[in-house]
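S.K.: Just passing along the structure, written as structure tokens.
Read-outs: derived from the displayed coordinates by stated rules, not from any lab. Only a predicted model underlies this, so the values are computations on that prediction, with no experimental measurement involved. Counting neighbours? That spans all protein chains shown, and the Cβs are built from the backbone with ideal geometry, glycine included.
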């Protein structure tokens, strides 16, 4: 078995592979190395006849609190994306569609914080099951930009998307199911068993048929424009990065550190880093 530094891979049941994001001290923030290992396993599973479905979950207290804003710039991205303005949001979107385009289903098992890049990873999966007390949101809209992957209007509708984008507030697992972000919610202690049962159900369908079942949904969404729409959104995200507010935030990160910058951002809202439970978040 391959040894990974940022993920754990196991096989909890026949034909089911499970990837655990394993940076609990960083709330499973998505470093370049973690993403490289994640895509390596997903692509390997897609070519492995012994695997029919993959589960992605997080270790510790969160699914993922977002991209690692303190990443080592010497780390290489897990796959090539053409450079120039908009490189990062285009890179993120390409990664999301890498999961979308896999032949085999991928399930997100979400607990705790699922924020910013964490929501983009989860939403790239084919099925999402959440703990009822999960905290799901995109706080980056408060002072930097809209999402890299602007899936919200497609998945949760215009009004809920507008509320999330204009406030940066989070949804509970219950709310995430009600608006269509996730398939179902469970008490935290029942989430793992419930997701595994669903994965076993999915794995029972022959792989040669399942790939067409998955694509049948995606092709309809693509005909309605989801792929073109999300890719077009990358230019909007990049434009926002040039606002005065975004520049001031990154200046503050450089001068005072990420923790202080995020705490100052959320203090007036009383949530995320400054909420009652004092959970920590990246982006």
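S.K.: Tell me the volume per residue, in Å³, of the convex hull enclosing the alpha carbons of segment 7-274.
M.R.: Expressed per residue, the convex hull around the Cα atoms of segment 7-274 is 126 Å³.
S.K.: Is segment 53-117 best put as rounded, prolate or oblate by its Cα gyration tensor, with a ≥ b ≥ c the root eigenvalues, rounded for a/c under 1.5, and otherwise prolate when a/b is larger than b/c, oblate when not?
M.R.: Taking the square roots of the gyration eigenvalues as a ≥ b ≥ c, segment 53-117 is oblate.
S.K.: I'd like the orientation of helix 244-256 relative to the chain: the angle between its Cα long axis and the longest Cα principal axis, in ° from 0 to 90, rounded to 10.
M.R.: 90 degrees
S.K.: Could you tell me the distance between the Cα centroids of segment 43-95 and segment 232-249, to the nearest Å?
M.R.: The two parts, judged by their Cα centres, are 21 Å apart.
S.K.: Using the 10 angstrom Cβ neighbour count as an exposure proxy, how do 154, 100 rank, fewest first?
M.R.: 154, 100
S.K.: Calculated FRET efficiency, residue 251 and residue 101, Cβ-Cβ r, R0 25 Å, to nearest 0.05?
M.R.: 0.05
S.K.: Once you place label points 7 Å from the Cα toward the Cβ at residue 25 and residue 43, how far apart are they in nm?
M.R.: My value for the distance between the label points is 2.9 nm.
S.K.: Could you work out how far helix 258-267 tilts from the main Cα principal axis of the chain, as a 0 to 90 degree angle to the nearest 10?
M.R.: The two axes meet at around 80 degrees.
S.K.: Right, another one. Apply 1/(1 + (r/R0)^6) to the Cβ-Cβ distance of residue 165 and residue 14, taking R0 = 51 Å, and write down the FRET efficiency to the nearest 0.05.
M.R.: E(calc), rounded to 0.05, equals 0.75.
S.K.: What angle, in degrees between 0 and 90 and rounded to the nearest 10, separates the Cα long axis of helix 87-100 from the longest principal axis of the Cα atoms of the chain?
M.R.: It is inclined by approximately 20 degrees.
S.K.: Nearest 5 percent is fine: what portion of the DSSP beta bridges confined to the chain is antiparallel?
M.R.: Bridges in the chain that DSSP calls antiparallel: roughly 30 percent.
S.K.: When the label point is put 7 Å from the Cα of residue 224 along its Cα-to-beta-carbon vector, which residues of segment 120-158 have a backbone N closer than 15 Å?
M.R.: 151-158
S.K.: For residue 154, project a label point 7 Å along Cα to C-beta. Then give me every residue of segment 199-229 with its amide nitrogen under 14 Å of that point.
M.R.: So the set is 215-229.
S.K.: Report the calculated FRET efficiency for residue 69 and residue 216 (r = Cβ-Cβ distance, R0 = 41 Å), to the nearest 0.05.
M.R.: Result of the calculation: an efficiency of 0.60.
S.K.: Give me the one-decimal nm value for the distance between modelled label points at residue 3 and residue 269, 7 Å along each residue's Cα-to-Cβ direction.
M.R.: It works out to 4.1 nm between the two label points.
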